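Heads up, the thing below is written out as structure tokens.
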Amino acid sequence: MKKQSIQTIAKRFFLGNLLVAAMFLSANANTLPARIRTVTADKVEVKYTGVDKYNQLTFNVKYSNPSGNTFTLSVLDENGESIFKSFYGDKQFDKTFKLPKSEVSKLTFIIEDGKESLKQKFDVNIKTQVIEDVVVSKG
């Protein structure tokens, strides 16, 4: 009888420690900060702001254009094909771009201002990692 209770206690102790370890690891996995990257060059800033509730990648592009010259903003995919291209003349340009997460693995943002001979190019490499949370509980 005594041997059986020691085995039962050992099993419960082991399962309890396993459960605590699983909860600890899953809590740490969920609290990791998102990798938010900002790249700034002279007057241009491209910032990755995360994934929205519709599973779209979100980028914020800012450009300080004090002269108000017309400039071109282009977004290219991994094959160099244009996803977006438009002309702007804002003195303080600030625009958010949202793209489907599953459709792209590399993006290139290009801002060109012909009058100031400005050409800024920003490459964005997109890697998706899956983290699995496993919780073991006694039923």
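No lab work stands behind these numbers, since they all come straight from the coordinates. Everything numeric here is computed off the predicted structure, so don't read it as measured data. Here Cβ is always computed from backbone atoms with ideal geometry, including for glycine, and neighbour counts include all displayed protein chains.
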Fully extended contour minus Cα-Cα distance, from residue 127 to residue 78, at 0.36 nm per residue: 16.4 nm
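Identify the GluC sites (Glu not before Pro) of region 92-121 meeting these criteria: DSSP loop state and at most 13 other C-beta atoms within 10 Å of the C-beta. Don't skip to the answer; put the middle values down first.
Details: sites: 103, 112, 116; in loops: 116.
Loop-located and lightly packed - 116.
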Shape category assigned to region 38-125 from the gyration tensor of Cα positions, a/c cut at 1.5: prolate
Using 0.36 nm per residue of separation minus the Cα-Cα distance, give me the extension gain between residue 96 and residue 55 in nm, one decimal. 13.3 nm
